[in-house]
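Read through the structure below, which is laid out as structure tokens, and then see the notes.
The values are calculated or read from the model by the stated rules, or taken from the named source; none is laboratory data. No experiment lies behind these values; they were computed from the predicted model shown. Note that we place each Cβ from the backbone using ideal geometry, even for glycine, and neighbour counts take in every protein chain shown.
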Amino acid sequence: MATVVKNFRIKSGLIVEGTSATIAGNEIIAQNTQAGDSYILNLVGGATLVKAVDSNTFTVDGSGNLTINQGVFDSYGSASAAESAAISAAASDASTKASNAQSAAITAAATDATTKVAAEAALRVSGDAASVSTAAADATSKADAAQAAAISAASADATSKANAAQAAAEATASADATSKANAAQAAAEATAAAALSSAISTEVSNRNTAISTAVDNLVDGAPQLLNTLNELAAAINDDANYTTTLTSALATKANSSDVTSDIATAVSTASADATSKANAAQAAAEATASADATSKANAAKSAAEATASADATSKANAAQAAAEATASADATSKANAAQAAAEATAAAANTAQQNGTTAFTALNVNDQAKQIAASSTSLGSVIVTAYEWPKADYRSGKFLVKIDNGTHNEISEILVTLDSSDNVAITEYAIVGTNGARGTISASVSGSNVQLRVDPVNDSTIKVTGTLLK
């Protein structure tokens, strides 16, 4: 812009109408007699009106003529600066908008410059410095506005697109990460489940194989009736001292010299008493069959009661009826077989005794032992008979005795036996209780019975279970 050092004043006002212009009533465009070419200059201060200007923009000659230097409105001005600012602030998209702004600014500046130059040329004739200054200022203002608008538009657009791109990238990354995490988790869970199922299946198979192998090794081809410990125990009559029993029985074997005369006697009398023995054998067989039937019925009844209390009576009665019917039907057959067996036994017995091959027959448990149970109460420390049995029937017994005080209890294992003079021997062992001794246990003979006595420390319920032996 031009810098005017000297004051410029219009006192009576400037009037411009149509093709005329006056200041204080004097014509300032057309010449007249009062004023020549230098009228206006003389009116406002003479040829030295403009004292100093920007030499890069304006030139003032010796006559006071003001001209604009070449290139002042060149495109490489403010528009070029606006382009650089827009490019540095807004990346590739801003460059395009800055270029467009640049072109618009150049066009506007060129158009405006042309207009202003024409106006300045017209005004230069009259020397109106104020109009020239206004034109220059307006051109600069419009260029600045174009630059600011270009920068603002480019910056706003670049920021908006950058934010949109960032938001889209974050959303895509988050969705992809979630999807991949879910897929990875599902795959891991499926793999773990499959591995666990396979491991369990393999372990179960291995264990089943090992168990089956162990059982087969234990049985080792034993016959069906002797392939369990219970069957082996039953075969030796549950006798823990079977070897001793067998040795003792062998010790009673008769010597061959002692039986020679017995054999002769037995042979001579065998024929005579065969009929008698047959009859006796038949009667014994019938008695044995009846007793065996009753025994079997009772055993079946006991087993049925232990395994199914609801239908025990029905099953026992059915078993007893079946046994009795069978015994009646085959009594004659058994008697005949017994007679034949008895006749052969005499000779066979002698031979067996001589050879030491006499067979031992298993005993019936019910013929030698009896299971018992009883319950009683005691008020305070009063001795009670917890259980008693005829001494003539059973001479020994093994019992579990429980003393229950309600809050605490004690259980003991007792062995009792009698000698030929009815002296009682008792031992108590395997004692366990929840709070010290709950009472004392003793045994004695009273009349024809053996009594198991308990002296509790306070009110108690006393229960006894065990086995009696003959």
request  = Answer yes or no as to whether Ile403 is more than 21 Å from Val365 (Cβ to Cβ) and in contact with a strand residue (DSSP E or B) (Cβ under 9 Å, 6 or more places away or on another chain).
outcome  = yes
key: Residues within region 391-421 that are buried (at least 16 other Cβ atoms within 10 Å of the Cβ) and closer than 18 Å to Ser446 by Cα, tallied   = 7
ask   = Within region 321-377, how many residues are loosely packed, with under 12 Cβ neighbours inside 10 Å, modelled with pLDDT of 75 or more and polar (S, T, N, Q)?
value = 2
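For region 387-442: of the residues being in a strand (DSSP E or B) and hydroxyl-bearing (Ser, Thr, Tyr), which is nearest to Thr467 (Cα to Cα)? First the steps, then the outcome.
Going through region 387-442, the residues in a strand (DSSP E or B) turn out to be 387-390, 396-404, 409-418, 424-433, 439-442.
Filter again for hydroxyl-bearing (Ser, Thr, Tyr), leaving 387, 396, 412, 417, 427, 429, 440, 442.
Numbers: Tyr387: 12, Ser396: 9, Ser412: 15, Thr417: 12, Thr427: 15, Tyr429: 16, Thr440: 20, Ser442: 17 Å.
The selected residue is Ser396.
In region 443-469, what residues are part of a loop (DSSP other than H, G, I, E, B) and either under 56 Å from the mean Cα position of the chain (by Cα) or outside the structural domain of Gln371 (by TED's automatic domain parsing) (or both)?
At the first step, the residues of region 443-469 found to be part of a loop (DSSP other than H, G, I, E, B) are 447-448, 457-459.
Correct list: Val457, Asn458, Asp459.
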